[in-house]
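For reference, the structure is listed below as C-alpha cells.
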Amino acid sequence: MSGAVDLRSGAVEFDVRLGRRKLKGEIFLWVCFAATAVAVVLLAILLVDIMRQGLGRLSVDFLSNFPSRFPERAGIKSALFGTIWVVAFTGLFSFPLGVGTAIYLEEYAPKNWLTNVIQTNIANLAGVPSIVYGVLGLAVFVRAMSLGRSVVAGAATLALLILPIVIISSQEAIKAVPPSIREAGLGVGATKWQTLQGLVLPIAFPGILTGMILALSRAIGETAPLIMIGALTFIAFTPNTPLDEFTVLPIQIFNWAARPQAGFHELAAAGIIVLLVALLSMNALAIILRNRMRKQV
Amino acid sequence: MAPSIRLPVVFPLLAWLAGCGGGGSEAEVAGRVHIDGSSTVYPITEAIVEEFQAAHASIRVAVGVSGTGGGFKKFCIGEAEVADASRGIKASELERCRANGVDPLEFPIALDGLSVMVNPANDWADCLTVEELRRIWEPGSAITSWSQVRDGWPDEELVLYGPGIDSGSFDYFTETVVGQEDASRADYMASEDDNVLVHGVSGDRGSLGYFGHAYYVEHKDVLKLLAIDDGAGCVLPDSQSVRTGAYRPLTRPLFVYVDRLALERAEVVRFMRYYFTNVCRLASEVGYVPLPAGQYEAALNAIE
Amino acid sequence: MSDGLTATAAASRGGPGDRRRLAMSRARAWRERGIRGVLFACGAVSILTTVGIVTVLIWESIGFFAEVSPWEFLTGTTWTPQFIPRHFGVLPLVAGSALVAVGASLVALPVGLASAIYLAEYAPDRARKILKPVLEVLAGIPTVVYGYFALTFITPIIREIVPRTGVFNAASASIVVGIMIIPMVASLSEDALYAVPRHLREASYGLGATKFETVTRVVVPAALSGIVASFILAISRAIGETMAVTLAAGATPKMTLNPFESIQTMTAYIVQVSLGDTPFGTIEYRTIFAVGLLLFSITLAMNILSRVVLRRYREVYE
C-alpha cells in the first residue's frame with residue numbers, strides 16, 4: 001500500500017487505489033475460471049472426438065465378434081470377457097486382503113513404529129508406477145509361481161496394484177464410525193471382533209464398498225502391467241478357466257490404436273466408448289450405493 | 001551356415017507353380033495351441049487363426065508377435081508349440097531347443113520380397129542400389145540426409161524405421177544387405193510391431209523403412225515402394241519378381257516351425273492340417289507369394 | 001452376541017457352571033487371537049509387496065551390474081542394449097522421461113493451481129458441484145485413452161502448427177500427460193487451500209485487502225507446502241506414465257531438448273522390451289529390471305520428498 005508520510009504534520013496520505021486493485025482481482029478471477037474451464041473444455045473435446053470416431057462402429061456385432069484382420073468384422077468379445085474375468089478375480093483377491101489390512105490398522109495395531117512403517121509403506125506403494133507392478137507380476141506370478149500368462153496372474157498383479165487404494169479407502173470408512181459405537185459394544189460385553197463384526201463394519205460397509213468399486217474402476221483401465229504379464233496379440237476365444245490366456249479392453253484398444261489404418265482407429269474409439277461406459281457405470285454405482293446405504297448414526 | 005534350407009537361390013528355382021489344395025474331415029477335439037514369432041509371418045497366421053477359430057471353437061489358439069527371435073525363445077522352452085519365422089532357425093537356437101527336449105520341424109510356407117518403403121511425398125527416390133542401402137544401414141553410418149545417399153537428391157532429413165533385433169527381417173536384412181548378421185546402425189526407430197513402422201514411414205516426409213511385403217500391400221495408399229538394384233537393374237517386388245527370384249537379394253522364404261512332440265496332440269495336428277490346407281490361399285491374400293502345391297502336400301504328409 | 005452376554009454375566013456370578021463358562025471364554029479368547037493374527041497377516045501382505053518389488057528389482061539388477069558398471073549405466077549417453085556394439089548408458093531414457101515430465105508440468109501445474117484457487121476461493125456452490133465431478137472424470141480416464149487421443153488428435157494439430165514435427169514426438173505425449181495430471185494438482189492443491197484457517201483470511205480482509213490480495217498474498221503462501229507437495233506428486237506421476245508415451249512419443253532413445261522429435265522414456269523402453277519378449281538370463285532381460293529399479297527409485301524419492309515438504313514446511317496455526 002502506498003503511503004507518503006508528511007513528516008511535519010504526521011498525516012499519512014493513504015492512496016487506496018481501490019479501483020485498480022479490484023480490477024486486478026476481476027482479471028485474476030477470470031484467469032482462474034478460464035483455467036478450470038480449460039479442464040472442462042479439454043474433457044469435452046476428448047469425449048466428442050472419441051464419439052465422433054467410434055460411434056459408427058458400435059453395434060451388437062462389435063460386442064459379439066472376435067478381433068479380425070478386417071476392421072468391418074472385428075469386435076471386442078474376447079477383450080470384454082477377459083476384462084470381466086480379470087476384474088472379478090482382482091476383486092476376489094484384493095477385497096479380503098485390503099479390508100483385512102484396514103481393519104488391522106484401524107482396530108488392532110498398536111501405535112508403534114511397525115504400524116507407522118506399514119502405513120508409510122502403503123502410501124508409498126500407492127505412488128509406484130503401474131509398470132513396476134507389471135515387472136513384479138512377471139517375475140513372481142508368471143515365472144516364479146509358473147502361473148503362466150493367465151487370468152490369475154493378471155488378476156494377482158492388479159490386486160497388488162489396487163491394494164493401497166482399497167486399504168486407504170477402507171481405513172477412511174472405518175475411521176468415520178464414531179467411537180461411541182465401539183464403546184457401546186464393548187460396554188455390553190462383546191469382544192473386539194464381535195463389536196467389529198456386528199456394529200462397526202456394517203456401518204462402515206457402504207464406504208468400504210464404494211472404495212472397492214472405485215479401486216476396481218482403476219483396475220479396469222490398467223494396461224501396462226497386463227502387457228508385461230503377456231499381452232498375446234490375437235486372442236479369439238474367451239477364458240474358460242482362470243488359467244487361460246486372456247486379453248482385456250485396454251490392451252485391445254492399444255493394439256488397434258497402434259495400427260495405421262483409420263478403420264482400426266475407429267475400432268479403438270469404439271472400444272474406448274465401451275470402456276468409458278463401463279467406468280462411468282461403476283462410478284455411478286458407487287455413488288448411488290453410498291447414498292442409498294448410508295445409515296444415520 | 002545354419003542347418004536350414006533358407007537359401008534364397010534354391011527357393012525361386014523350386015517355385016514354378018502355385019496351386020492350392022484343400023479338404024479334410026472333422027471330429028471334435030479340444031485343446032490349446034500357442035504360436036509366437038515373426039511379425040512378418042503374423043498376417044498369414046492371424047488370417048488362418050481367425051478362420052480356424054471360427055470353425056473350431058474348442059481349440060483355443062493364442063498368437064503372439066514377439067519377433068522371430070522372441071518366438072524361438074518361447075518355442076525352445078516349450079511355451080509355444082509353433083514358431084513363426086522370417087528366417088531359418090539358427091544353430092544356437094536349434095541347440096537350445098534340443099537341450100530342452102523340443103524337436104523342431106521346419107516348414108516353409110511362402111515367399112516374401114522384403115520391401116523397402118518411403119513416404120509417398122518422396123518424389124526423388126524410385127530405386128536404391130544395394131550399395132546405397134548398405135551405406136545407409138551399416139553400423140556407425142553417419143548418413144542423416146538424403147543428399148548424402150546420392151548426389152542430386154534433396155537435403156531432406158532421413159528418418160529411419162526398421163525391425164528390432166528380435167526380428168527375423170532384421171537378421172535377414174543385415175546379413176544380405178550389410179553383409180554381417182545383426183550389424184546395423186542403432187539410431188533408428190526399432191519396433192517388432194510392423195504397424196508402428198508403417199505409421200512412422202507414412203508420417204515423415206524423409207522417412208525410409210524396411211519390413212515384410214504384406215504390410216505394404218495392406219497400406220498401399222500411405223506408402224511408396226522402392227525398387228532395388230542388385231547390379232542387374234531396378235526391380236520392384238511383386239509376385240512375379242519374387243517367384244522367379246528376380247527381386248534380389250531380398251527375396252526370402254517364410255517358415256513355421258512345429259515341435260514334433262507337440263504333434264502328438266490331436267489339436268495341434270488338427271490346427272497344422274488346417275494351416276497347410278489354407279495357407280496357399282491366405283498367403284497370397286495378405287500379399288506374400290505361395291509355394292507350389294507340392295510343398296504343402298509334403299507338409300501335410302509330414303505331420304500325419 | 002448373546003453368547004458373549006450370557007458368558008460374561010455368568011462368569012461374574014461364580015458357581016458350579018464356572019468351569020464351562022471359563023472354557024467358553026477361553027475359546028473366545030483364542031478366536032479373538034486367531035482373528036487378530038489373520039488380520040495382521042493381511043497387513044503383512046502390503047509389506048511383502050514392497051519387499052517383493054525391491055527384491056525382484058535388485059536381484060536381477062545385481063546380475064545386470066555384474067556385467068555393466070553402475071557408472072556407465074548412470075552417466076553414459078548412448079542406450080543401445082540390443083544392438084552391437086552395446087551401450088548401456090541410461091541417460092537418454094531419463095532425458096526422455098524428463099522432457100515429457102517437464103512438458104506435462106508446463107501444462108498441468110499452472111492450470112491445476114489456478115483451478116484449485118478458483119474452486120477453493122471463488123466458485124459458487126453450483127459451479128463447484130459441476131466442476132468437481134468433471135475433474136474426477138478427467139482423473140479416472142484410463143491412460144490408454146489419453147494415448148489414443150495424443151496419437152489421433154493432438155499430433156496432427158501439432159504437425160499443422162510446427163511442420164517439422166515427427167509423427168512420433170514428445171510434445172504430443174507431454175500435453176496429454178499434462179491433461180491427465182491436472183485433476184491431481186487441482187484436488188490436492190484445493191485440499192491445501194481449504195486447510196488454511198478462516199481467521200487468516202478474515203484478518204487479511206480486516207486490514208483492508210481485496211480478495212485477490214488475500215488469496216495471492218495470504219492464502220496461497222500459507223498453503224504453499226501442500227501446493228508444492230502436490231506439484232511433486234504430479235511430476236512423479238508424469239514420470240511413471242506409460243501408455244500415452246508408448247503410443248505417441250516413439251522408441252528412439254536420444255538426448256534431446258527438442259520436444260518435436262521422437263524420444264523414448266524409461267517406461268516405454270520397459271514395454272518395448274517385454275513386447276519383444278526377451279527370455280530369462282540375457283542381459284537384455286535384465287535391462288528391464290535395471291531401468292525398473294531406476295524408475296522405482298526416482299518416483300519413490302519424489303513421493304517421499306513430497307511428504308517431507310508437506311510436513312516440514314507446513315505452517316502451523318494454533
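Throughout, read-outs are computed from the coordinates displayed, never taken from laboratory work. In this text, all values refer to a predicted model and were calculated from it rather than measured experimentally. Positions of Cβ are generated from backbone atoms using ideal geometry, with glycine treated the same way; all protein chains shown enter the neighbour counts.
Counting only residues 5 or more places away or on other chains, whose amide H sits under 5 Å from the amide H of B:I59 once H atoms are built in the peptide plane?
Here the answer is B:G31, since their amide H atoms fall under 5 Å of that of B:I59.
Could you tell me the distance between the Cα centroids of the range A:62-115 and the range C:192-209, to the nearest Å?
The two parts, judged by their Cα centres, are 44 Å apart.
If we count trypsin sites (Lys or Arg not before Pro) as exposed when they sit in a DSSP loop and have at most 16 other beta carbons within 10 Å, what is the longest stretch of chain A that avoids them all? Write out the running numbers ahead of the final one.
Numbers: sites that count: A:R8, A:R17, A:R73, A:K111, A:R294, A:K295.
Within chain A, the longest run free of exposed trypsin sites (Lys or Arg not before Pro) spans A:112-293.
Can you compute the charge dipole magnitude of the range C:79-312 about its Cα centre, using +1 on each Lys and Arg Cβ and -1 on each Asp and Glu Cβ, nothing else charged? Give it in debye, rounded to the nearest 20. Before the final figure, lay out each step's value.
Values: 17 positive and 12 negative charges, 75 e Å.
Value, rounded to 20: 360 debye.
Over chain C, with a Gaussian network built from C-alpha contacts below 10 Å, which listed residue (C:G147, C:G112, C:G43) shows the highest mean-square fluctuation?
C:G43
For chain A, what ratio Rg/Rh do Cα atoms give with a Kirkwood hydrodynamic radius? If you can, show how the numbers build up before the last one.
On the way: Rg = 26.5 Å, Rh = 22.9 Å.
Checking Rg against Rh, the ratio lands at 1.16.
Considering the dipole of chain B built from charges on the beta carbon (Lys and Arg +1, Asp and Glu -1) around the Cα centre, which of B:A121, B:W153, B:V235 is farthest to its positive end?
B:V235
Projected onto the charge dipole of the protein assembly as shown (+1 at Lys/Arg Cβ, -1 at Asp/Glu Cβ, origin at the Cα centre), which of B:L94, C:M302, A:I203 gives the Cα projection farthest towards the positive end?
A:I203
Quick one: helix C:170-194 against the long Cα principal axis of chain C, what's the angle to the nearest 10°, folded into 0 to 90?
Compared with the principal axis, the helix lies near 40 degrees.
When ranked by the protection proxy of mean other Cβ atoms within 10 Å per residue, highest first, what sequence do the peptides C:288-294, B:62-68, A:272-278 form?
Details: C:288-294: 23.7, B:62-68: 28.6, A:272-278: 20.3.
Per-residue Cβ counts within 10 Å, averaged per peptide and sorted highest first, yield B:62-68, C:288-294, A:272-278.
Quick check for me: using +1 on Lys/Arg Cβ and -1 on Asp/Glu Cβ, what's the dipole size of chain A about its Cα centre, in debye to the nearest 20?
Working: 23 positive and 15 negative charges, 67 e Å.
The calculated dipole for chain A is roughly 320 debye.
About the Cα centre of the range B:115-236, what is the dipole size in debye to 20, counting +1 per Lys and Arg Cβ and -1 per Asp and Glu Cβ, all else neutral? Let's see the in-between values first.
On the way: 7 positive and 23 negative charges, 49 e Å.
Dipole of the range B:115-236, to the nearest 20 debye: 240 debye.
If I require 15 Å or longer along the helix axis, counting alpha carbons, and a Kyte-Doolittle average no lower than 1.0, what helices from chain A are left? Use full DSSP H segments. Show your work: numbers first, answer last.
On the way: long enough: A:18-54 (53 Å, 1.23); A:77-103 (39 Å, 1.40); A:113-126 (20 Å, 0.58); A:151-175 (34 Å, 1.76); A:201-220 (27 Å, 1.67); A:262-293 (46 Å, 1.50).
Counting only whole DSSP H runs, the qualifying helices are A:18-54, A:77-103, A:151-175, A:201-220, A:262-293.
Under a 5 Å amide H to amide H cut-off, with H placed in plane at 1.01 Å, what residues pair with B:A110 once short-range neighbours are removed?
Amide H neighbours of B:A110, under 5 Å, 5+ apart: B:L254.
What angle, in degrees between 0 and 90 and rounded to the nearest 10, separates the Cα long axis of helix C:2-13 from the longest principal axis of the Cα atoms of chain C?
In chain C, helix C:2-13 runs at an angle near 40 degrees to the longest axis.
Under a 5 Å amide H to amide H cut-off, with H placed in plane at 1.01 Å, what residues pair with B:L223 once short-range neighbours are removed?
For B:L223, whose amide H was placed from the backbone, there are no distant partners under 5 Å.
Let me know the shape class of the protein assembly as shown, please: from the alpha-carbon gyration tensor, a ≥ b ≥ c as square roots of the eigenvalues, rounded when a/c is under 1.5, otherwise prolate if a/b is greater than b/c, or oblate. List each step's numbers first, then the result.
Numbers: a/c = 2.31, a/b = 1.42, b/c = 1.62.
Oblate.
Please report, ordered by residue number, every helix of chain B (full DSSP H runs) that is 18 Å or longer along its axis going by C-alpha atoms and whose mean Kyte-Doolittle hydropathy reaches -1.0.
Details: long enough: B:42-55 (19 Å, 0.27); B:266-286 (28 Å, 0.29).
Correct list, ordered by number: B:42-55, B:266-286.
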